[in-house]
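Presented below is the structure to which this report refers.
The values are calculated or read from the model by the stated rules, or taken from the named source; none is laboratory data. Source: prediction; values computed, not measured. Reconstructed Cβ throughout: ideal geometry from the backbone, glycine too, with neighbour counts over all protein chains shown. The accessibility values were calculated without ligands, DNA or RNA, using every heavy atom of the protein model including side chains. Shrake-Rupley method; radii C 1.70, N 1.55, O 1.52, S 1.80 Å.
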Amino acid sequence: MANLPFDQAAQRFQDNEERLNVFINAPAAETVYLTADGAPVPTLPFLLPAVEAASAAARADAIRADAGADAAWLSGDVYATVDEGLRETADERYFSVPTDEAATYLALYRNEGGVAREVKRYPSEEAVENVRIGMAGIATGLVRTQTLMVQSNGFE
């Protein structure tokens, strides 16, 4: 860019400023930004809600998991098996059973007339950590996208 005549350099700078404005601000609610080479890249305002929603969901899952586990352990309603939970829990009451799955560590059941109805599962520490790692990957992708945009627009 340093070798361009002033009028071309000024025009390129103005074009880059407009492209970056679309990428960063999406003034007309654009979901895609086109680089100087014409490659489509999602705009930051388009990506941000998904990142925020995933992050909020992970935090909410972790809070629910902690609260549910704490409540079950404090009340003593955690049993080794579903059958044991049914035998030891009154009708219309809740009990929990540890799971063997990597994504969950505890399943909450309700005794409905001697039948265990699964109500929900609480995510394991591993599952919550995987979401956190995924969010970090999204953030890294955003930084890479921004770097590529800067490089492709001659701001190296």
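For this structure, a couple of remarks:
- Environment charge at Thr89 (Cβ cut-off 13 Å; Lys +1, Arg +1, Asp -1, Glu -1): -3
- Of Tyr122, Tyr105, Tyr94, the residue with the largest accessible area leads and the full order is Tyr94, Tyr105, Tyr122 (1.4 Å probe).
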